[in-house]
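Here the structure is laid out as structure tokens; the discussion comes afterwards.
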Amino acid sequence: MCGIMGYIGHGEASGCITDGLSKLEYRGYDSAGIAVINKRGIEVRKSKGELKNLLEKLDRRPVTGSIGIGHTRWSTHGAPSDINSHPHLSKDKTFAVVHNGIIENYLEIKALLTEKGYRFISDTDTECIAHLLHYNYDGENFFETVRKTLDMLEGAYALGIICKDFPDTIIAAKKDSPLIIGLGKDENYIASDIPAILERTRDVYILDEYELAVVKADSVEIYDINGDPVNKNVFKVEWSLDAAEKGGFEHFMLKEIYEQPRIVKDLALSKLPPAEHRVNLEGISLDKSDLEKINRIYVVACGTAYHAGLLGKYFIEKIARIPVVAEVASEFIYKDPILDESTLVIAVSQSGETADTKEAVKIAKSHNAKVLAVVNAIGSSIAREANEVFYILAGPEIAVASTKAFSAQVTAMYLITCHIAMQMGKMSVLEFEEIKASLYTLPDDIEDVLEKAEEIRAVADKYYKAKNVFFIGRGADYLVSMEGSLKLKEIAYINSEAYAAGELKHGPIAMIEEETLVVAIATQQELFRNTLSNIKEVKARSAKVFGIAVDGNKDMAQECDDVVYIPVTHPMVSPLLANIVSQIFAYYMAYNLGTNIDKPRNLAKSVTVQ
Ligand code: F6R
């Protein structure tokens, strides 16, 4: 959580920093702030709430200076408020600090510094870093002061630090939270993520654990925590600028929903060579000899990525016939999972920075398990920590609610499953070709669903005042019900639960009444009769039913109040299409309710705290 942006050069820092922060608000938007150095020393402006509040403040009271750091916050320690906003200043305003992460020993540091006469004004853990810098400062050596301070910190940090005595230097440091350095012409930047600097440069250094960068207008030097220089390769960003902008859509979420055909097409075409009966996993060592050593598979992830992981478990068990345990990462890390060199752990994460998933990967590796990361963000921590990486190549996902990454993660799971099944001889060429054909046609099928957006919107127009919603389904439909329900909760703030359709009568059916909306996902032909019975059960109790079914299923039209049909395809693939209906439905439910769709309350895109 939290976004950091810094600028050093010959232009005005303030505009560049707030531009960058506007691309990082997906990381948190509880408050925003900026600190620049000018002839008055360090000047700070900060404001509770979204970045626009800070911009208004800067309009009224601008700050000038060509070096500065900025921050957009997702609160952990201390409620959202002006005082708790970053940057935080040290005693005497010698240092200003922006921080993403959590300092675990901040209470001890605070006690030490309070005893030495330091006065704290905020409730944050970050303020202790600012004062600690002051405490360690000999009045001469900025770099050594930072190094000494880092030595005393426990926990996670990405830091941007300025010192009033060094108006030509920003020092950046990273441990367990992402940080990059953008390389410009006579100016350089620090940022939490690439979109913040994409308009200005495509050349970046991605900091590794325990690295520090000394950033000046015309140079960037990287060091390890011992102060030894580190040689780093420049990473060239290939994304188009357009990919990080809204491209004419009212919200990033809608734009990202509409990007799905292209993303799935790129993945399918690059991994499924037309004339071959194999998945091309390019450089991932997961061939027959690797797989023969594996006797247990875990899938670990959080939130939407976990739902993609559940589908992965479903496919691998059904097609490759290998038992898989899927766990939310926040549980996995505390339950002493059974791991050794014969375990494969598949970690799914859009951002590649989710703290729990990252911790799960570390634990797996410490037990010599093989880790395959299914990740979107290139060069992210999870991608670097894992033994093997499957990049889903969905481009930057800006809306907090994940949509395109989910479809790409599920497609990756189809591909990984087919690869394992073919390597292990668990799938015939005919079965492989059937799934391959359906993945080739998937982009067109998704387009067909997108063309029904107005039809889906009409259903949302009818039900957006619903107070209680159930999503039901069986098999893989149940798994995408969980994702549909999560989308509705997070952007429309509607109380919604996903239930295995057959489980409803074991308790939750007591909740069904006239006002209740039930979204019934029924794409699995072999399970359809049973799901239909469950639909009848809720109808008999006066619920409204919105069905999502495969073209030609007339029974659904008879039983449900509203139905949206998806194209006929392989039964493994249809849940992904049904989910696109759920995404559009959640979007228009939220739209009608006037919520902040791209930045729903209390959430952040990248959850870098446990
Ligand atoms: C929901 C959503 C979250 C994320 C979860 C994991 O729309 O976006 O549930 O899926 O926080 O994030 P990543 O995939 O970045 O590890």
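Quick rundown of the values:
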{"item": "Some residue of segment 260-278 being polar (S, T, N, Q), assigned to a loop (DSSP other than H, G, I, E, B) and surrounded by fewer than 23 Cβ atoms within 10 Å (Cβ to Cβ)", "result": "no"}
{"item": "Cross-chain or 6+ apart pairs with Cβ under 6 Å, segment 1-27 first and modelled with pLDDT of 95 or more, then of a type in the set (A, V, I, L, M, F, W, C) and part of a loop (DSSP other than H, G, I, E, B)", "result": "Ile8/Ala217; Gly9/Ala217; Ser14/Val63"}
{"item": "Contacts under 8 angstrom Cβ, first residue in segment 452-469 being closer than 13 Å to Tyr493 by Cβ, partner in a loop (DSSP other than H, G, I, E, B) and open to solvent by 70 Å² or more (accessible area, probe 1.4 Å), 6 or more apart", "result": "Ala466/Glu515; Lys467/Glu515; Asn468/Glu515"}
{"item": "Selection from segment 40-66 of residues that are more than 20 Å from Ile161 (Cβ to Cβ) and either open to solvent by 60 Å² or more (accessible area, probe 1.4 Å) or assigned to a strand (DSSP E or B) (or both)", "result": "Ser47, Lys48, Lys52, Leu55, Glu56, Asp59, Arg60, Arg61, Pro62, Thr64"}
{"item": "Test: residue in segment 366-384 that is assigned to a helix (DSSP H, G or I), open to solvent by 10 Å² or more (accessible area, probe 1.4 Å) and at pLDDT 95 or above", "result": "yes"}
{"item": "Close pairs from segment 351-379: first without any contact (Cβ under 8 Å) to a residue 60 or more places away in the chain, partner in a helix (DSSP H, G or I) and more than 14 Å from the ligand (Cβ to nearest atom), Cβ under 7 Å, at least 6 apart", "result": "Val371/Ala364; Val371/Lys365"}
{"item": "Selection status of Gly547, away from the ligand (no atom under 16 Å from the Cβ) and modelled with pLDDT under 95", "result": "no"}
{"item": "Close pairs from segment 285-296: first assigned by TED's automatic domain parsing to the domain that holds Asn387, partner in a loop (DSSP other than H, G, I, E, B) and surrounded by 11 or more Cβ atoms within 10 Å (Cβ to Cβ), Cβ under 6 Å, at least 6 apart", "result": "Leu291/Met424; Lys293/Ser342; Ile294/Ser342; Asn295/Ser342"}
{"item": "Meets criteria (of a type in the set (Phe, Trp, Tyr) and part of a loop (DSSP other than H, G, I, E, B)) for Tyr7", "result": "no"}
{"item": "Odd one out for Val300, checked against (1) within 16 Å of the ligand (Cβ to nearest atom); (2) assigned to a helix (DSSP H, G or I)", "result": "(2)"}
{"item": "Scan of segment 464-478 for residues that are open to solvent by 20 Å² or more (accessible area, probe 1.4 Å) and not basic (Lys, Arg), ordered by number", "result": "Tyr464, Asn468, Gly475, Tyr478"}
{"item": "Which numbered condition Ser402 misses (of (1) buried (at least 24 other Cβ atoms within 10 Å of the Cβ); (2) within 13 Å of Val573 (Cα to Cα))", "result": "(2)"}
{"item": "Qualifying strands (runs of 3 or more DSSP E) (wholly inside segment 67-176; at least 1 residues being open to solvent by less than 10 Å² (accessible area, probe 1.4 Å) and in contact with an Asp or Glu (Cβ under 6 Å, 6 or more places away or on another chain))", "result": "67-73, 170-175"}
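Here's the yes/no breakdown for (1) open to solvent by 30 Å² or more (accessible area, probe 1.4 Å); (2) assigned to a loop (DSSP other than H, G, I, E, B); (3) in contact with a helix residue (DSSP H, G or I) (Cβ under 7 Å, 6 or more places away or on another chain):
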position: Glu526; (1), (2), (3): yes, no, no
position: Ala549; (1), (2), (3): no, no, yes
position: Met556; (1), (2), (3): no, no, no
position: Val568; (1), (2), (3): yes, yes, no
position: Leu576; (1), (2), (3): no, no, yes
position: Ser582; (1), (2), (3): no, no, yes
position: Ala590; (1), (2), (3): no, no, yes
position: Ile597; (1), (2), (3): no, yes, yes
position: Gln610; (1), (2), (3): yes, yes, yes
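The values are calculated or read from the model by the stated rules, or taken from the named source; none is laboratory data. Worth saying up front: this structure is predicted, and the values here are computed from it rather than measured. In this analysis, Cβ positions are derived from the backbone assuming ideal geometry, glycine residues included, and neighbour counts consider all displayed protein chains. Just the protein is used for accessible areas: all its heavy atoms, side chains included, with ligands, DNA and RNA removed. Shrake-Rupley method; radii C 1.70, N 1.55, O 1.52, S 1.80 Å.
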